[in-house]
Amino acid sequence: MHLAAVSLGSYFAFELARQLLEAGRELGVLALFDAEGPAGRRRVQGRARLGAHLGLLRRMGPAYLGHVARHRIETLRNSFERRRLEWTGGGGSLSIEALIAANQQSVDRYTPDPLATPLTVFRAGDDLFDSPEALTQGLGWAPVAAAGFELIEVPGSHLSILQEPNVQDMARHMTRIMQRSDPQ
C-alpha cells in the first residue's frame, strides 16, 4: 500500500501510515507533497528573503504583487478563523476558511511519534523561501523520519506541482519510488 498527500493532508497520511504499521500492515511509499513537517519549515530571512521576493517579481512581473496581497489576505483570514474557532468552540457554519483553520488547529495539537518507514518529501522548486536548514531537515519531517527521508525537488509552486505540466515530473518520481519499494 502506498500513501500520498499534499500540504496539511500530509499529517492525515502520516497518522494513517503509523496506524497501519501498528496494525501489522505493510506500507510501501509515504509521499508528502510540499508539506511543512512538525519541526517547522525554516524560511530565509533578511537579504535572502528580499532576494527571493525580487526573484519572484522578476519572474512573474507585476502579477507577483497581487499574489503577495492575496497571500497576506488569506493569512489574515486564516488567523481570524482560527481565533473565531477558539472563541466559539467550533460552533457555527463551517466555511472553507473555517475548515482550513480547524485542520490547522488539529495539526498544531498533533504530536506525531517517529515513523519506522522512510518518508519521501516532495518540495516545490519554485519556492525560493526555504532555508538551507529546511532542506536538510526535509521541510521539518526529519525528527519523525526514524527510517530516514528522501527530499525530491519538483517544478512548480505549492499546488501547481500537481497540475500540468508539473505533475508529469511528479508522476515520474512517484513511479520510480513505488517500483523501488515494491518487493520483486
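Values in this text are rule-based calculations from the coordinates and carry no lab data. Predicted, not measured: the structure shown is a model, and the values here were computed from it. So basically every Cβ, Gly included, is an ideal-geometry build from the backbone, and we count neighbours across all protein chains shown.
Just checking the listed ones, Val167, Val121, Val144: in the Gaussian network model of the chain with Cα springs under 10 Å, the one fluctuating most is Val167.
Toward the positive end of the charge dipole of segment 3-181, with +1 on the Cβ of Lys and Arg and -1 on the Cβ of Asp and Glu, the farthest Cα among Val107, Trp141, Leu57 is that of Leu57. Most tightly packed first, judged by the mean number of other beta-carbon atoms within 10 Å of their residues, the peptides 44-51, 172-179 read 172-179, 44-51.
Here's how it looks for Ala146: its modeled amide H is under 5 Å from those of Leu115, Thr117, which are all 5 or more places away or on a different chain.
What is the Å³ per residue value for the convex hull set by the Cα atoms of the chain?
On the way: hull volume 25.6 nm³, N = 184.
In the chain, the Cα hull volume divided by residue count equals 139 Å³.
Considering only beta bridges that DSSP places wholly inside the chain, some 5 percent are antiparallel. Per-residue Karplus couplings for segment 129-134, computed as 6.51 cos²θ - 1.76 cosθ + 1.60 with θ equal to phi - 60°, are listed in order as 9, 6, 7, x, 5, 4 Hz, Gly and Pro entered as x.
Within segment 1-79, list the GluC sites (Glu not before Pro) lying in a DSSP loop whose Cβ has at most 10 other Cβ atoms in a 10 Å radius. Walk me through the numbers on the way to the answer.
Working: sites: Glu15, Glu22, Glu26, Glu36, Glu74; in loops: Glu26, Glu36.
Passing sites in segment 1-79 are Glu26.
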